[in-house]
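Right, one structure below, let's go through it.
The values are calculated or read from the model by the stated rules, or taken from the named source; none is laboratory data. All of these numbers come straight from a predicted model, not from anything done at the bench. Here the Cβ positions follow ideal geometry from the backbone for every residue, glycine too, while neighbour counts run over all protein chains shown.
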Amino acid sequence: MQILTRRHKRLIPVLKSDAYGLGLLPIARELTRHPGVKMLAVAQVLEGAKLRECGIDADILVLGGTLPRQWGAAAELGLTLTVTRPGMITELNRLDKTVNVHLKIETGLNRNGIRPGKELAGIIEELKASSYVNLTGTYSHFAEAEAPNLARCAAQKAEFDRALAQLEAAGISAGAVFGCNYKSKQPGRAIRYN
C-alpha cells in the first residue's frame, strides 16, 4: 500500500463482493487508515450502507447501477452514485436532496456509461439544469485492462480524453478524474486519480 500511495496521489480501493471475499469491514477499516485512501468503491448501495453503519466515514462511490428506489437512502448516507445513462441526473434532482455523482464514460467496455458526443451533451444540459446534483468525479473502466493491448488502451484513453474536453468546453468541472489504466504504460487493475 505504501508503494502504491507513493506512486499515485490517491487510490480508490474497490471492495465489492465482501472485499473479494476478504471481509468488507476489516479491509475497509485497514485501508482507510492510509493517507492515500480518501474514497472506497463498492458495487451496490447495500455495501455502502454497511460501511456507513459501521462508522466508515470515507467517501464511498457506488460503481454499479442503482435503482431509483435506492437513491434517497444513498443520498441520506452520503454515498456517491455513478451516472450511467441519460435522464438519471434529472431524476436524481427530483429528490430535492444534495447528491454527489460521478460520470462513468463509456470508452469500449460496452457495459454501461455515457458516450462522448451527443449523449454527453445531454448529460451536460441535465447538470446545468440541476440544483441538487454535484458532479464530483469522472471515470472510465477500460476494456481488456489485464491484457497488454496498448493500442486498444490508447484508443480508449483518447475517447475518455474527448469526454473530458467536452465537459471542459461546456464549463463543467469533471471533478476527480480516474480509471483503470488511465495514463498508464502497463495495464493494471488499480483505479487511481489523475
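When every residue of segment 66-79 is checked against the conditions, at least one turns out to be at pLDDT 95 or above, part of a loop (DSSP other than H, G, I, E, B) and on the phi < 0 side of the Ramachandran plot. Starting from residues that are surrounded by fewer than 16 Cβ atoms within 10 Å (Cβ to Cβ) and modelled with pLDDT under 95, keep the ones in segment 98-114 and report whichever is farthest from the chain's Cα centre (by Cα). The qualifying residue farthest from the chain's Cα centre (by Cα) is N110.
For every residue, the table says whether it meets (1) under 11 Å from the mean Cα position of the chain (by Cα); (2) buried (at least 16 other Cβ atoms within 10 Å of the Cβ); (3) of a type in the set (G, A, S).
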{"residue": "E30", "(1), (2), (3)": "no, no, no"}
{"residue": "G55", "(1), (2), (3)": "no, no, yes"}
{"residue": "L63", "(1), (2), (3)": "yes, yes, no"}
{"residue": "A73", "(1), (2), (3)": "no, no, yes"}
{"residue": "D96", "(1), (2), (3)": "no, no, no"}
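Restricting T90, T84 to those that are in contact with a strand residue (DSSP E or B) (Cβ under 7 Å, 6 or more places away or on another chain), among the polar types (S, T, N, Q) and either at pLDDT 95 or above or surrounded by 15 or more Cβ atoms within 10 Å (Cβ to Cβ) (or both) reduces the list to T84. Filtering segment 115-145 to residues that are among the hydrophobic types (A, V, I, L, M, F, W, C) and over 18 Å from the mean Cα position of the chain (by Cα) leaves A121, A129.
Checked against (1) of a type in the set (F, W, Y); (2) crowded, with 20+ Cβ neighbours inside 10 Å; (3) at pLDDT 95 or above, Y139 passes all but condition (3).
For I60, the criteria (1) farther than 24 Å from T138 by Cβ; (2) of a type in the set (V, I, T); (3) modelled with pLDDT of 95 or more hold in every case but one, which is (1).
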